[in-house]
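Asks: Mind having a look at this structure? Questions to follow.
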Amino acid sequence: MKRTTITFRVTLWYTLLMALLGCVALGLLFYAGAQSARASTRSLMAEMAAGAETEFRVRDGALEVDNDLEAFRDGVYLSVYDAAGVPLYGMVPRAFDNAAVFEDGVLRAVVSSGVRWQLYDVRVPVEGVGDVWVRAVAREDTADAALSQLEKLALVAMPAFIALAAAGGWFITRRAFAPVRRIAQTARDIGESNDLSRRIALEQGRDEIHQLAAEFDRMFERLEQAFENEKRFTADASHELRTPVAVIISQCEYALAHTHTEQEARAALEDVLAQARRMAALLSQLLLLARADQGRQALALETVDLSVAAQAVAEQLAESAARRNIAVHTDIEPDVCVEGDETLLTRMLINLVENAVKYGREGGWVRVTLRRQGEAAVGCVADNGEGIAPEDRENIWKRFWRADAARSAGGAGLGLSMVRWIVQAHGGDITVDGAPGEGSAFTFTLPCRRKKE
């Protein structure tokens with residue numbers, strides 16, 4: 001049984017259940033039919049015996065019985081006797097011993113010749129003649145004869161019913177499990193072809209199997225997206241690391257082959273150091289994001305004065321902004337405190353302000369604002385630079401993604417991915433607004449806490 005298919009097992013149980021129900025139904029039908037037939041026979045006996053009184057006539061001091069009196073009807077025998085028990089009219093079964101004592105109005109069972117009989121007597125007083133006895137007799141198994149025929153018919157019909165139930169159960173079960181087979185086939189096809197774009201794509205349905213198929217389709221979609229992101233991540237990371245590695249190798253080769261003075265060697269080493277630092281920063285960001293994906297990047301929670309951190313970051317980056325003739329303005333409410341990881345929150349602010357300076361317009365401005373609104377700290381880093389196209393607003397959060405026009409600005413394209421993760425890890429949210437040529441504004445919201453004193 002364990003190695004058989006679910007379809008076979010369900011069909012087998014369904015067939016057994018239908019067979020059991022059929023047997024129970026037939027049993028109840030036979031029992032109710034027998035009881036009804038016996039009750040009908042008893043009622044007929046009482047009716048025939050009671051109705052015989054109207055068929056008696058007295059002529060010349062002798063009792064006459066009307067010939068219209070039925071002596072037999074539907075298995076019931078009717079006979080008439082005088083007070084001494086002498087038969088006057090009617091019929092009795094051949095196998096019935098008619099020696100039973102009369103009992104007025106009593107329906108009773110007697111055994112005669114090994115057969116059980118139902119017996120009913122009625123005493124009818126007839127003027128001028130005296131008492132007359134009317135006796136109705138019927139075999140107790142008269143109804144059983146008809147039921148026996150029905151049983152024979154049932155023995156023929158029952159196998160046909162079971163076969164029909166099995167065929168119907170098999171059809172219904174196979175139809176019900178067709179989506180499951182489709183799910184399994186789709187999974188096999190994906191495993192054999194490594195094509196995660198395949199979907200089960202069942203028609204609309206509200207049952208549990210259709211819901212399961214829809215969940216599988218959503219899972220396949222997430223897996224496809226994850227694999228695509230993984231492939232893109234690997235390709236982009238390789239591309240980002242290839243450039244500094246190539247520079248380091250070329251500078252080392254050049255230094256070994258062509259440098260003759262300390263100044264030339266120093267210049268080569270400075271290039272190597274710059275590229276090594278770039279690689280170290282990239283690897284540090286990759287490590288942080290990998291730990292975040294695996295849920296292993298723990299937050300060192302403490303009360304952080306976000307106002308102080310934002311002001312410090314703005315002042316720290318004002319010098320690099322000045323080199324592009326960009327003014328950094330601040331509008332920061334004091335004592336806006338949150339519960340979080342100070343290092344990560346500072347990194348989030350640095351990435352936002354660095355992006356604003358990097359993609360800002362020369363001679364333009366960057367504005368850093370921070371306010372407490374109810375139980376939330378709301379900050380914004382805005383600029384009047386290149387801006388972001390509406391179709392790119394979701395792409396900017398992807399790792400290594402950069403707009404074509406901004407590629408010359410440098411960077412690995414991990415900063416905003418890290419910003420979003422840091423904000424979400426602290427229970428907050430971040431959005432972006434703006435238009436191409438009009439600048440952009442990144443607004444973040446974090447749960448606010450009172451600064452501990």
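Asks: Computing the accessible area with a 1.4 Å probe over protein heavy atoms, can you report the carbon and sulfur percentage for the stretch 297-375?
Replies: 46 percent
Asks: For a quick check: with amide H placed at 1.01 Å from N, whose amide H comes under 5 Å from residue 72's, ignoring anything fewer than 5 positions away on the same chain?
Replies: 78
Asks: Return the tail of the calculated pair distribution for the stretch 31-157, meaning the percent of Cα-Cα pairs more than 24 Å apart.
Replies: Percent of Cα pairs beyond 24 Å in the stretch 31-157: 32.
Asks: Here is a further query. Give the calculated FRET efficiency between residue 115 and residue 19 to the nearest 0.05, with a Förster radius of 45 Å applied to their Cβ-Cβ distance. Each step should come with its number before you reach the end.
Replies: Values: r = 35 Å, r/R0 = 0.78.
Plugging the Cβ-Cβ distance into 1/(1 + (r/R0)^6) gives 0.80.
Asks: Per the 1.4 Å probe, what fraction of the accessible area of the stretch 1-153, in percent, lies on carbon and sulfur atoms?
Replies: Details: 5280 of 9230 Å².
Of all accessible area on the stretch 1-153, carbon and sulfur atoms account for 57 percent.
Asks: List the residues whose amide H sits under 5 Å from the amide H of residue 140, counting only those 5 or more places along or on another chain, with H placed 1.01 Å from N in the peptide plane.
Replies: 116, 117, 118
Asks: Roughly how far apart, in whole Å, are the Cα centres of the stretch 168-195 and the stretch 327-363?
Replies: What the calculation gives is 54 Å, centre to centre.
Asks: Can you grab the distance from the C-alpha centre of the stretch 35-84 to the C-alpha centre of the stretch 110-142, Å, no decimals?
Replies: Spelled out, the Cα-based centre of one part sits 9 Å from the other.
Asks: Quickly rank 42-51, 22-31 as a protection proxy: mean count of other C-beta atoms within 10 Å, highest first.
Replies: Values: 42-51: 17.2, 22-31: 12.6.
Going from most to least packed, we get 42-51, 22-31.
Asks: By its C-alpha gyration tensor, with a ≥ b ≥ c as the square roots of the eigenvalues, how is the stretch 307-404 shaped: rounded for a/c under 1.5, else prolate for a/b larger than b/c, else oblate? Can you show the working numbers first?
Replies: Numbers: a/c = 1.82, a/b = 1.28, b/c = 1.42.
Cα axes put the stretch 307-404 in the oblate bin.
The values are calculated or read from the model by the stated rules, or taken from the named source; none is laboratory data. These figures come from a predicted structure and were not determined experimentally. FYI the Cβ positions are ideal-geometry reconstructions off the backbone, even for glycines, and counts take in every protein chain you see. Accessible surface areas use protein heavy atoms only, side chains included; no ligands, DNA or RNA. Shrake-Rupley method; radii C 1.70, N 1.55, O 1.52, S 1.80 Å.
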